[in-house]
């Protein structure tokens, strides 16, 4: 390896270290305040200055200009600190993540949070679990054909808890240990009317 190559390698390592130092600050504040949230909590002027500084830092990295990356990395750390100080001065609160957890039948842990920033805040905590937002839950339920059967069971048995769902071909023998077939028409399940869903509802 010639001296020029060694210098190039050293420059790349130095640039990578500077970028990682800014990433560390960014990750810490986004876990604390929410991804993309902090810059929206400050005034327009400060947000615009922050965005311009971010663009300069990105351009310096793209050019692999060590001195520019060093200068703009230091400026980015100051910019993040300024955002947080301004948000606190304005009376804003850090992201208070509330997560509801349950263990699914397959053994995995499901966590439900209200918003995408909260989901992002939990993504790096190292725990093995699936995090869904309420919006995602709503979209999946709306697209899930069996959702209408669950709704109907709740309407017919107020206060009941659905403990099992299984597809049973029409005309087959029912497993009475699992419970009775839901006593309403098969027409609720349009494309799968030939495979009504049997549930066990426990008050």
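Structure notes:
- Fewest-first sequence of 8, 26 by Cβ atoms within 10 Å of each Cβ: 8, 26
- Theoretical FRET efficiency, 1/(1+(r/R0)^6), r = Cβ-Cβ of residue 77 and residue 141, R0 35 Å, to 0.05: 0.20
- Directionally averaged projected area (convex hull, Cα atoms, region 27-68), nm²: 3.5
- The modelled label-to-label distance between residue 134 and residue 56, using points 7 Å beyond Cα along the C-beta direction, is 4.1 nm.
- Legend: calculated FRET efficiency, residue 151 to residue 110, from the Cβ-Cβ distance at R0 = 25 Å, rounded to 0.05, equals 0.80.
- The modelled label-to-label distance between residue 27 and residue 100, using points 7 Å beyond Cα along the C-beta direction, is 3.1 nm.
- Fewest neighbouring Cβ atoms within 10 Å first, the residues 102, 11, 133 line up as 102, 11, 133.
Quick note: the coordinates plus some simple rules give every number you see, no bench work behind them. Since the model is a prediction, treat every value here as computed from it, not as a measurement. All Cβ positions, even for glycine, are placed from backbone atoms using ideal geometry, and neighbour counts span all protein chains on display.
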